[in-house]
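Input: a single structure, listed below in structure tokens.
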Amino acid sequence: MKEKTSITLSKDLLAGVDRLAGSKQSRSAFIERLLRKYLKDRMNREAEGVLEYQASGE
């Protein structure tokens with residue numbers, strides 16, 4: 001289920017989003033894809049940190 005939200009971006013950032021998203025996907029789809037990747041990567045880094053801590057025996 002999707003939720004509608006509103007964000008404010010600088011003109012230059014929005015121009016970059018439009019350029020990279022191209023005509024094949026919407027701004028929303030492009031931003032959602034980037035946020036999902038960022039969150040996944042961030043969660044993976046945090047999990048790796050926990051595993052390293054546990055493996056160190058501290």
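Starting from segment 14-32, take each residue that is farther than 23 Å from GLU3 by Cβ and list its partners that are assigned to a helix (DSSP H, G or I) and of a type in the set (A, V, I, L, M, F, W, C), counting only C-beta distances under 7 angstrom and pairs at least six apart or across chains.
If the second residue must be assigned to a helix (DSSP H, G or I) and of a type in the set (A, V, I, L, M, F, W, C), the pairs left are LEU20/PHE30.
Yes or no: segment 31-47 includes at least one residue that is at pLDDT below 90, assigned to a helix (DSSP H, G or I), out of contact with any Leu (no Cβ under 7 Å at 6 or more places or on another chain) and of a type in the set (Asp, Glu).
yes
When you scan segment 15-45, how many residues do you find that are over 15 Å from the mean Cα position of the chain (by Cα) and surrounded by 10 or more Cβ atoms within 10 Å (Cβ to Cβ)?
Number of matching residues: 5.
The values are calculated or read from the model by the stated rules, or taken from the named source; none is laboratory data. Since we're looking at a predicted model, the values are computed, not measured. All Cβ positions, glycine included, derive from the backbone under ideal geometry; neighbour counts span all protein chains shown.
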